[in-house]
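The structure appears below as structure tokens.
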Amino acid sequence: KPPEEVRGIAVGNGSVLVMDDEEMVREIAGGLLESLGYSVEFAEDGSQAIELYRKRKEEGNQYFAVIMDLTIPGAMGGREAIKYLLEIDPEVKAVVSSGYSTDPIMANHREYGFCAVLGKPYRLEELSSVMQAVGSS
């Protein structure tokens, strides 16, 4: 079935930046997002995500959303990177992602500048509804 015929799945468009240190997670997220109609770019850590975001903004071709892994061992994760993205673009649509649902940022994501939360492992239905919520926020 085409995605729009699957109950509860909403397609979208626009470009999404996925920041995660694990290649498998990036590939899965990319595949799911593409099946929902989004184009996807990837960053392995926060500094790479900030650079890509800044470049896109300067070109006037902004990302629809940024999905950021909360913590990246040995590098900048979403917890730090969101501060820089908010400086570049106070309207950034950033989604915090983690397999650790107990982290205080996951519970109080708006206080940290994120507009939504996405738990791992990613599921198509959840990804679809989070992207729809981001689009309407």
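Brief remarks follow.
- Of the numbered criteria (1) modelled with pLDDT of 95 or more; (2) of a type in the set (A, V, I, L, M); (3) out of contact with any helix residue (DSSP H, G or I) (no Cβ under 7 Å at 6 or more places or on another chain); (4) within 22 Å of L33 (Cβ to Cβ), the one M106 fails is (1).
- Residue check for A81: at pLDDT 95 or above and out of contact with any Phe, Trp or Tyr (no Cβ under 7 Å at 6 or more places or on another chain): yes
- Of all residues in the stretch 44-64, those that are within 10 Å of L85 (Cα to Cα) have Cβ atoms under 8 Å from Cβ atoms of residues that are of a type in the set (F, W, Y) and open to solvent by less than 80 Å² (accessible area, probe 1.4 Å), 6 or more apart or on another chain, in Y53/Y63.
- Comparison of L86, L70 shows that the only residue that is closer than 26 Å to E111 by Cα and either touching a strand residue (DSSP E or B) at 6+ places or on another chain (Cβ under 7 Å) or small (G, A, S) (or both) is L70.
The values are calculated or read from the model by the stated rules, or taken from the named source; none is laboratory data. Keep in mind the model is a prediction, meaning the values are calculated, not measured. Using ideal geometry, Cβ is built from the backbone for each residue, glycine included, and neighbour counts are taken over all protein chains shown. Remember, those area values only see protein heavy atoms, side chains included, never the ligands or the DNA or RNA. Shrake-Rupley method; radii C 1.70, N 1.55, O 1.52, S 1.80 Å.
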